[in-house]
1. For the chain, modelled as a Gaussian network with Cα springs under 10 Å, which listed residue fluctuates most, Leu246, Leu137, Leu14?
2. Mind telling me which of Asp232, Asp160, Asp223 comes out most flexible in a GNM of the chain, alpha-carbon contacts under 10 Å?
3. Any idea what % of Cα-Cα pairs in the range 86-189 are farther than 20 Å?
4. I want to verify a result. In a Gaussian network model of the chain, Cα cutoff 10 Å, which of these has the top mean-square fluctuation: Glu48, Glu237, Glu27?
5. Can you give me the long-range amide H partners of Ala98? Hydrogens built in the peptide plane at 1.01 Å from N, cutoff under 5 Å, separation of 5 or more residues or another chain.
6. Out of residues 5 or more away from Thr249 or on other chains, whose amide H comes under 5 Å of its own, with H placed 1.01 Å from N in the peptide plane?
7. If the cut-off is a Cα-Cα distance under 17 Å, which aspartates and glutamates reach Lys162, setting aside same-chain residues fewer than 8 apart in sequence?
8. Give me the aspartates and glutamates in straight-line cross-link reach of Lys42: C-alpha distance below 13 Å, same-chain residues under 8 apart excluded.
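Derivation of every value follows stated rules applied to the coordinates shown; laboratory data play no part. Worth saying up front: this structure is predicted, and the values here are computed from it rather than measured. Cβ atoms come from the backbone with ideal geometry, glycine included; neighbour counts cover every protein chain shown.
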Amino acid sequence: MYQEHRLQLIRSYLSSHKSISLEEICEAFNVSKDTARRDLVKLEERGEIIRVKGGATLPSVNRNVIDYKERQATAGKERIAQSAALLIQDDYDLLMDASSTGALMAKFMAGKQVHVITNSIDIVDLLGEHTDIPTFLLPGKFNRKNRNLLGPRTIETLNDYKVDQLFLGACGISPEGITSPDEDEAFLKKKMISCARQVILLADHTKFEKAFLHKVCDIADIDVIVTDQYPDEAVREKIKENQIDLIVTEDEENRGERNEEN
């Protein structure tokens with residue numbers, strides 16, 4: 001059964017039952033949990049459902065504003081992913097850490113003649129679905145929340161690699177640097193940076209409003225930042241001071257507002 005057909009049936013089920021679990025999708029269509037999860041991700045991207053732990057529900061009327069913001073956030077990440085994919089050159093070796101924006105890059109990487117190393121289960125899965133790119137999954141302890149692998153074994157294995165580009169997700173960005181709320185994630189990102197000739201940071205605009213306990217690196221350690229809106233002045237000054245390439249993929253509405261201001 002094609003995915004689009006399953007999506008229609010899932011929508012039909014939700015119209016009468018209001019919610020559906022991953023297990024129900026697996027049983028109804030004889031698919032794996034990963035396939036069921038991808039179906040729900042696709043429906044969420046379209047704004048037709050709200051994903052919850054273990055399944056999905058229909059959006060209620062009083063969530064219209066929230067859903068609109070969520071769709072905006074997803075659209076921003078897709079623009080970032082598409083722009084980031086354009087930076088990839090054939091015969092490059094890539095390292096991609098676990099981030100939702102990095103996973104979105106998979107749909108824009110078809111035809112790329114590259115190798116990918118990652119600690120993300122989702123990136124491996126999506127690259128296998130959308131591309132023929134040879135992909136290597138780093139070993140380590142599975143983190144169920146972030147669907148990635150990390151820990152001492154992951155860091156040790158990275159000693160064997162030197163890659164052309166690292167596509168790095170960000171939790172928090174401030175003039176003081178890149179930060180993460182998780183110590184293990186911060187150490188892993190730091191190690192990944194040391195393995196790459198070029199570091200490309202993927203960050204939607206909300207990441208510029210946050211700072212966390214564990215420092216990953218200074219802004220000076222980043223070569224390119226791809227985002228969906230211009231950061232505040234303090235961060236822009238740091239970017240300019242360190243000669244970092246800033247790629248901003250604004251939507252038409254924000255671009256129009258900026259043109260009117262100018």
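1. The residue with the greatest mean-square fluctuation here is Leu14.
2. Taking springs between Cα atoms under 10 Å, the residue moving most is Asp160.
3. 37
4. Comparing Glu48, Glu237, Glu27 in a Gaussian network model of the chain, the most mobile one is Glu27.
5. Amide H neighbours of Ala98, under 5 Å, 5+ apart: Asn119.
6. Close amide H contacts, sequence-distant or interchain: Thr227, Asp228, Gln229.
7. The qualifying aspartates and glutamates are Asp90, Asp91, Asp93, Asp97, Asp221, Asp223.
8. Glu4, Asp34, Glu78
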